[in-house]
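Accompanying notes for the structure given below.
The values are calculated or read from the model by the stated rules, or taken from the named source; none is laboratory data. As the structure is a prediction and not an experimental result, all values here were calculated from the model. No Cβ is skipped: glycine too gets one built from the backbone with ideal geometry, and neighbour counts run over all protein chains shown.
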Amino acid sequence: MESVSIRDVSLNFGAVRVLEKLNLDVMEGEFLVLLGPSGCGKSTLLNCIAGLLDVSDGQIIIKERNVTWQEPKDRGIGMVFQSYALYPQMTVEGNLSFGLKNQGMPRDQIRERIERAAKILQIEPLLARKPAQLSGGQRQRVAIGRALVRDVDVFLFDEPLSNLDAKLRSELRVEIKRLHQKLTNTMIYVTHDQIEALTLADRIAVMKGGVIQQLDEPHTIYNRPRNLFVAGFIGSPPMSFLDGEVMAKGNGFSFRLGEHEVPLAGYVAETELAPKQAAIFGVRPEHVEIHHEGDVPETALYPATVDLEEPMGADSLVWVSLGGHTLSARVDSSQRFRRGDKVRIGFNLSMASIFDQETEIRL
Amino acid sequence: MDPVRNRVDGGPSGPRPRRRFSRRNIFIYGTLFVVAVYYLLPLYVMIVTSLKGMPEIRLGNIFSPPVEITFEPWVKAWAEACTGLNCDGLSRGFWNSVRITVPSVFLSIAVASVNGYALANWRFRGADIFFTILIFGAFIPYQVMLYPIVIILREIGLYGTLWGLVLVHTIFGMPILTLLFRNYFTSLPEELFKAARVDGAGFWGIYFRIMLPMSLPIFVVAIILQVTGIWNDFLFGVIYTKPDLYPMTVQLNNIVNSVQGVKEYNVNMAATLLTGLVPLVIYFISGKLFVRGIAAGAVKG
């Protein structure tokens with residue numbers, strides 16, 4: 001069942017179109033991440049769902065209720081902000097009870113709700129403190145608690161981790177995931193951090209220019225990106241792109257890369273491949289195998305030269321040039337490569353991506 | 001080469017020695033001292049003169065301390081000095097000024113803070129035009145508006161009353177105060193406002209429960225601005241009120257500038273000091289509140 005449905009939503013700021021006929025269905029209990037570079041409209045979309053921004057066109061439906069014209073408080077949503085936005089002059093308890101008092105809830109019921117939320121979030125000892133006396137992680141829990149006490153259907157997160165340091169960020173990421181498993185509410189989470197997106201999401205919506213580029217499970221987004229933008233945006237270190245041409249060869253097809261021909265056996269095409277099609281070959285560093293000249297298995301066919309080695313701890317990134325193209329390969333850090341080494345590389349074609357050069361859509 | 005200074009062992013260690021009476025220090029502190037004396041001298045003369053009797057003043061030495069300290073001039077300035085037909089001193093003007101300043105300050109700040117809040121956070125249709133017009137008002141010279149306001153006050157029956165003057169002060173405080181509050185509210189994190197909306201607070205709920213408690217510093221600034229501005233006002237006071245409702249400044253002028261009889265310099269000095277006392281006290285007690293950061297903890301560290 002859909003928990004949140006966005007139907008043909010557009011939003012203009014004056015002449016600037018921020019969202020364009022956008023459609024999105026979020027399932028009950030799903031953790032959906034809106035991912036994209038800054039300015040792609042992801043936070044704007046979240047604010048539209050929350051009712052903090054009025055849409056120019058379209059409908060927003062939450063739990064089968066059309067809430068397009070409703071105030072934020074009546075939409076059954078709770079929101080966690082980037083700065084957490086705790087009310088500085090109130091205690092934690094005051095922060096949690098503020099929304100309930102505004103609803104006119106009786107006092108003993110408020111206390112009951114706060115106790116329950118504090119127990120789930122393990123913030124019982126903090127109830128009498130002011131936000132300034134809390135650590136980053138505690139503040140996040142209080143901010144989530146503020147949505148939790150109101151018993152909302154949908155949690156909206158607006159880049160809640162993006163101005164924390166790296167260590168705290170990974171800790172709180174795990175905490176959010178754990179909380180989602182415990183609460184099983186629908187959650188919509190905005191971020192520009194692909195690691196957060198890949199680790200947290202049930203499904204990711206990759207956005208650019210107010211349009212959803214691809215909506216899929218993290219695994220699919222990562223391995224079968226629908227277009228060049230998604231392929232380049234997701235993945236760190238990024239995918240290598242090599243310009244070339246699709247050619248007919250025997251019964252199948254191959255990809256011409258300069259003087260080399262890479263047979264496309266094993267590549268699962270999305271569309272009918274056509275010969276003489278200008279295309280882009282995309283391959284992630286971990287799907288490139290690389291061997292020193294000498295002990296070469298049969299799969300590694302193409303001679304290349306090492307430009308640079310970047311050790312990254314558990315593994316290293318090796319940059320090589322292959323007939324004028326530059327690409328990177330990920331290898332175990334026990335293998336060492338030096339600038340100028342002659343190597344042979346091979347591709348795992350079932351994990352590669354090929355895009356049309358003109359439309360930039362996956363072939 | 002200095003054999004001691006450049007030695008590695010036993011050479012300089014720890015803080016570098018500083019001379020207290022360097023040429024630089026003498027120059028800086030000397031200048032500061034002279035400037036301070038220059039500014040304090042008039043105040044000194046006023047205080048000293050206000051504590052002398054008239055015979056002593058006639059000796060002509062304005063810098064000499066009083067031989068015989070008398071508080072007679074202060075008492076006279078406060079309770080007995082004559083302006084026109086009234087001979088009850090500055091006390092009348094003082095209470096008039098209090099009755100003008102308190103409601104004017106309260107009203108102007110109450111209205112301007114809500115204005116600023118609405119302009120900063122609610123961005124209603126036409127907000128920008130409204131704001132531009134309001135700010136434009138701050139640049140129109142007062143002289144242009146004096147007479148039209150006389151007519152308006154006469155038509156609504158407030159001309160010559162304290163409430164008429166309060167109304168004028170409230171309106172003239174609006175542009176600068178609205179600007180002040182709007183800028184302050186804009187500087188508060190917008191997410192707090194959004195969070196409060198999601199929590200179901202309305203226009204007044206957010207204003208009183210979220211914005212006001214975080215705005216003590218700007219309210220103090222506004223109070224200082226308004227109290228000193230309205231207390232020191234002369235022009236509006238003399239135009240829009242009647243003699244027995246004149247504020248303290250107007251009455252001070254009438255005492256000091258009275259042309260009949262002997263010039264009582266000691267009484268004039270005491271009266272001037274009394275009039276200036278209120279803004280001075282305001283500055284002294286509120287100085288510390290200026291620098292209080294209150295939004296600490298709203299944003300993650």
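Annotation: A:Q335 fulfils all but one of (1) modelled with pLDDT of 90 or more; (2) in a loop (DSSP other than H, G, I, E, B); the unmet one is (1).
A single member of A:A279, A:A274 is part of a strand (DSSP E or B) and out of contact with any Phe, Trp or Tyr (no Cβ under 6 Å at 6 or more places or on another chain), and it is A:A279. Restricting attention to the stretch A:234-258 and to residues that are surrounded by fewer than 21 Cβ atoms within 10 Å (Cβ to Cβ) and under 14 Å from the mean Cα position of the chain (by Cα), the residue that is farthest from A:V33 (Cα to Cα) turns out to be A:S236. Filtering the stretch A:102-134 to residues that are closer than 16 Å to B:G200 by Cβ and at the interface with chain B (Cβ under 9 Å from one of its Cβ atoms) leaves A:N102, A:Q103. For A:A201, the criteria (1) under 22 Å from B:A195 (Cα atoms); (2) crowded, with 20+ Cβ neighbours inside 10 Å; (3) within 10 Å of the chain's Cα centre (by Cα) hold in every case but one, which is (1). Scanning the stretch A:51-90 for residues that are outside any loop (DSSP other than H, G, I, E, B), more than 24 Å from the chain's Cα centre (by Cα) and within 12 Å of chain B (Cβ to nearest Cβ) yields A:P72, A:K73, A:D74.
Residue-wise test of (1) within 18 Å of B:L277 (Cβ to Cβ); (2) of a type in the set (F, W, Y).
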| site | (1), (2) |
| --- | --- |
| B:N25 | no, no |
| B:V67 | no, no |
| B:W78 | yes, yes |
| B:L90 | yes, no |
| B:P103 | no, no |
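Contact annotation: residue pairs with Cβ atoms under 9 Å, 6 or more positions apart or on different chains, pairing a residue in the stretch A:32-50 that is more than 13 Å from chain B (Cβ to nearest Cβ) with a partner that is in a helix (DSSP H, G or I) and among the β-branched types (V, I, T), are A:L35/A:I221. Kindly check whether there is at least one residue in the stretch B:172-188 that is of a type outside the set (S, T, N, Q) and within 14 Å of another protein chain (Cβ to nearest Cβ). Taking every residue of the stretch B:172-188 in turn, at least one turns out to be of a type outside the set (S, T, N, Q) and within 14 Å of another protein chain (Cβ to nearest Cβ). With respect to being among the hydrophobic types (A, V, I, L, M, F, W, C), closer than 21 Å to A:D216 by Cα and in a helix (DSSP H, G or I), A:L32 falls outside the description. A:E175 falls short on exactly one of the conditions (1) within 13 Å of chain B (Cβ to nearest Cβ); (2) under 19 Å from A:G29 (Cα atoms); (3) modelled with pLDDT under 90, and that condition is (1).
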